[in-house]
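Encoded as structure tokens, the structure appears first; notes follow it.
The values are calculated or read from the model by the stated rules, or taken from the named source; none is laboratory data. This structure is a prediction, so every number in the text was calculated from the model and none was measured. All Cβ positions, even for glycine, are placed from backbone atoms using ideal geometry, and neighbour counts span all protein chains on display. Keep in mind that these areas ignore ligands, DNA and RNA; they rest on the heavy atoms of the full protein, side chains included. Shrake-Rupley method; radii C 1.70, N 1.55, O 1.52, S 1.80 Å.
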Amino acid sequence: MAATQQTIAAVQETEKYKYGWQTEIESDLAPKGLSEDIVRFISAKKEDPEWMLEWRLKAYKMWLTQADQEPSWAKLDFPKIDYQDAYYYAAPKLGDAPESLDEVDPKLRETYDKLGIPLLEQEMLAGVAVDAVFDSVSVATTYKKKLNEMGVIFCSISEAIKEHPDLVKKYMGTVVPYSDNFFATLNSAVFTDGSFVYIPKGLRCPMELSTYFRINEKNTGQFERTLIIADEGSHVSYLEGCTAPQRDENQLHAAVVELIALDDAEIKYSTVQNWYPGDENGKGGIYNFVTKRAACRGKNSKVTWTQVETGSAITWKYPSCILQGDNSVGEFYSVAITNNHQQADTGTKMIHLGKNTRSKIIAKGISAGQSNSTYRGLVRIQPKADGARNFTQCDSLLIGNKCGAHTVPYIESRNPTALTEHEATTSKISDDQMFYCQQRGMNPEEAVSLIVNGFCKEVLQTLPMEFAVEAQKLVGISLEGSVG
Amino acid sequence: MALIEISNLHVSVEGKEILKGIDLFINAGEVHAIMGPNGSGKSTLSYVLSGREGYEVTQGSISLSGEDLLAMEPDARARAGIFLAFQYPLEIPGVATSTFLKTALNAKRRAQGLDEIDAMEFLNLVKGKMKELEISTDMIKRPLNVGFSGGEKKRAEVLQMSLLEPQFAILDETDSGLDIDALKVVSDGVNALRGPERSFLVITHYQRLLNYIVPDFVHVLVGGRIVESGGKELAEMLEAEGYARFENTKAA
């Protein structure tokens with residue numbers, strides 16, 4: 001079966017949270033808690049060069065000074081996180097590092113098969129190259145050889161640190177410095193794996209690149225770091241998917257993603273986030289505190305973020321664009337669905353620095369059950385950004401009468417030639433619409449799924465084909481039980 | 001056994017009795033028209049048949065081929081063959097008409113134990129029906145009913161009906177807001193669906209529609225009761241005399 005169909009089939013089987021199983025595999029765990037020794041332990045496990053260790057330690061020291069200062073401005077309510085009550089490193093015991101895909105532990109292979117992720121290179125036709133991250137370690141990267149021949153580097157960040165230190169040193173931390181915010185600082189100290197992508201000058205990457213993140217181990221945090229560099233005139237589309245087993249306790253996920261687009265380059269970054277959201281009573285689920293930022297460094301560069309956020313107990317995430325190059329473009333398309341007791345505070349920042357920079361924000365929030373969904377966005381136009389343009393549209397849809405939707409836009413314009421537009425709507429699925437769909441034979445869940453998919457259409461249609469189908473199904477699944 | 005049997009039906013909305021004992025039997029293949037002044041309970045009858053919330057049956061029963069219709073959810077009634085052409089069709093933003101039609105058709109096919117319809121087969125089927133109803137093909141790409149004119153909305157309702165092939169179709173004031181050309185097209189669409197297995201309940205204020213969709217029986221609904229029943233000539237008489245005579249009956 002082709003990988004795409006496999007993925008679709010996997011999603012179709014889904015009832016409630018189908019990714020809630022865990023893999024019985026022996027793990028290599030660091031002792032619980034966070035200390036300088038743990039940072040050194042992780043660094044040693046990753047066989048970091050000296051400069052990397054130093055960077056981690058700088059971040060760790062900084063984090064210590066702010067240890068009680070998690071950002072509290074978001075509209076999120078959760079108990080204090082005990083950072084000493086988690087494991088910061090968990091790796092499946094693999095023996096020696098696998099030389100080829102054939103050597104990847106069959107149990108891991110099975111896990112990714114179950115998730116519908118094609119790890120086998122025979123799946124050429126699928127046209128998707130995958131980097132799979134299991135807890136703290138990247139277990140396999142497909143199509144490596146083929147991509148290498150074209151000059152594309154697609155590997156785990158640990159490997160990039162060893163094999164391409166110049167590129168990593170030149171760019172890592174330049175978009176999200178280790179001192180950026182509480183969670184980014186924590187990530188900088190303890191990040192364990194993630195993906196690295198470099199697209200050479202003038203190349204249009206012929207396949208979608210994809211990372212699949214999976215948290216398996218109990219009480220583990222996942223701290224991955226992804227760095228994507230699109231050199232002049234290049235083009236890449238990158239997909240990210242995430243799942244985790246169903247557990248009663250909350251697990252922390254604090255990732256950092258940095259994108260850099262040079263002159264005339266374009267990066268399209270799509271996420272379908274389906275971390276375990278907790279049960280219907282709000283027990284368990286992932287705490288998702290993620291810093292994602294792109295620098296449109298070159299002239300005419302373009303970055304598009306598309307996210308479909310259906311999972312996690314808590315989502316704190318603002319994929320942003322710094323529009324430095326003249327005529328550069330930043331786009332943010334988002335669907336955030338919350339059900340039961342989920343909370344999402346998500347949005348974007350568009351920072352206009354260059355002339356004639358343009359940004360577009362389309363955010364769709366859907367709240368059901370007793371959940372809360374907040375759009376929080378900043379559009380800042382700096383004095384030199386002559387002719388900058390922004391268009392923002394935030395729509396909220398409520399299902400039932402116990403949920404909340406909130407829109408918090410910040411617009412700061414320091415240039416009189418700039419134009420910003422903001423539109424916002426809040427609506428409910430009406431009983432009349434439901435009745436109309438039911439009168440045509442659809443059951444209530446089908447009706448909600450259809451109406452919500454219509455509401456999100458503008459965003460979903462920006463996703464690559466295979467992801468769009470998955471996302472449409474997820475929309476329906478994540479709202480199951482929201483109508484009585 | 002009649003296809004639809006309505007016996008001594010009393011219906012209240014927010015505690016107020018609207019239908020006060022309706023008896024109506026509709027056999028397979030028959031077209032019945034319900035006529036009546038505003039506020040007589042015509043639309044209430046269509047909603048209680050299709051299962052809309054907020055309509056409380058305080059007495060009486062409705063059966064479809066002997067099955068208790070009132071025990072069924074609205075979507076189950078639809079899958080069992082009840083179709084309501086809405087007086088005011090709802091807008092579903094972002095959902096292409098074709099997507100909506102396909103979802104509805106597949107819901108019905110699943111209930112019948114059939115596989116979902118193949119994309120090409122579906123497209124050919126819809127295009128054929130659209131041609132008959134003089135609907136331009138770009139309409140199926142537009143979000144359902146969003147920005148549709150009154151005539152387009154009604155044609156879209158008939159399109160859905162012809163695709164879903166219901167056993168029992170209720171047309172709720174389908175003629176309202178239609179000019180004479182549109183009325184003719186819509187009526188032709190309905191007439192094409194008439195057959196020995198399918199029954200219709202045509203609800204209208206005016207006789208005009210019944211010149212095009214000629215009923216087998218006409219019932220006059222006034223004050224929540226059927227005050228007179230007859231053939232199509234009853235509609236013609238009403239057109240000439242109005243409802244005043246029955247209003248007086250009610251008062252008496």
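Numerical summary
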{"quantity": "Any hit, the range A:349-364, residues being closer than 18 Å to A:Asp77 by Cα, assigned to a strand (DSSP E or B) and β-branched (Val, Ile, Thr)", "calculated": "no"}
{"quantity": "Some residue of the range B:49-69 being surrounded by fewer than 22 Cβ atoms within 10 Å (Cβ to Cβ), in a helix (DSSP H, G or I), more than 8 Å from chain A (Cβ to nearest Cβ) and without any contact (Cβ under 8 Å) to a residue 60 or more places away in the chain", "calculated": "no"}
{"quantity": "Those residues of the range A:149-196 which are at pLDDT 95 or above and part of a strand (DSSP E or B), in sequence order", "calculated": "none"}
{"quantity": "Residue in the range A:368-387 that is among the aliphatic types (A, V, I, L, M), open to solvent by less than 50 Å² (accessible area, probe 1.4 Å) and at pLDDT below 90 present", "calculated": "yes"}
{"quantity": "Given (1) in contact with a helix residue (DSSP H, G or I) (Cβ under 6 Å, 6 or more places away or on another chain); (2) assigned to a helix (DSSP H, G or I), index of the condition B:Ile170 fails", "calculated": "(2)"}
{"quantity": "Test: residue in the range B:142-164 that is under 18 Å from A:Gln439 (Cα atoms), within 9 Å of chain A (Cβ to nearest Cβ), open to solvent by 40 Å² or more (accessible area, probe 1.4 Å) and assigned to a loop (DSSP other than H, G, I, E, B)", "calculated": "no"}
{"quantity": "Qualifying residues in the range B:70-80 (those that are at the interface with chain A (Cβ under 10 Å from one of its Cβ atoms) and not basic (Lys, Arg)) - the one most open to solvent (accessible area, probe 1.4 Å)", "calculated": "B:Glu73"}
{"quantity": "Test: residue in the range A:416-437 that is facing another protein chain (nearest Cβ under 7 Å) and either open to solvent by 30 Å² or more (accessible area, probe 1.4 Å) or within 28 Å of the chain's Cα centre (by Cα) (or both)", "calculated": "yes"}
{"quantity": "Some residue of the range A:392-413 being crowded, with 20+ Cβ neighbours inside 10 Å, out of contact with any Leu (no Cβ under 9 Å at 6 or more places or on another chain), more than 10 Å from chain B (Cβ to nearest Cβ) and assigned to a loop (DSSP other than H, G, I, E, B)", "calculated": "yes"}
{"quantity": "Some residue of the range A:53-62 being open to solvent by less than 50 Å² (accessible area, probe 1.4 Å), out of contact with any Gly (no Cβ under 9 Å at 6 or more places or on another chain), of a type outside the set (Phe, Trp, Tyr) and modelled with pLDDT under 85", "calculated": "no"}
{"quantity": "The range B:82-128 - residue that is more than 10 Å from every other protein chain (Cβ to nearest Cβ), over 17 Å from B:Lys153 (Cβ atoms) and part of a loop (DSSP other than H, G, I, E, B) and, of those, least open to solvent (accessible area, probe 1.4 Å)", "calculated": "B:Ile117"}
{"quantity": "Filter result for the condition that a residue is out of contact with any His (no Cβ under 6 Å at 6 or more places or on another chain) and under 17 Å from B:Met72 (Cβ atoms), over B:Leu24, B:Leu9", "calculated": "B:Leu9"}
{"quantity": "Residue under evaluation B:Gly36, criteria (1) modelled with pLDDT under 95; (2) crowded, with 22+ Cβ neighbours inside 10 Å; (3) within 14 Å of another protein chain (Cβ to nearest Cβ), criterion not met", "calculated": "(3)"}
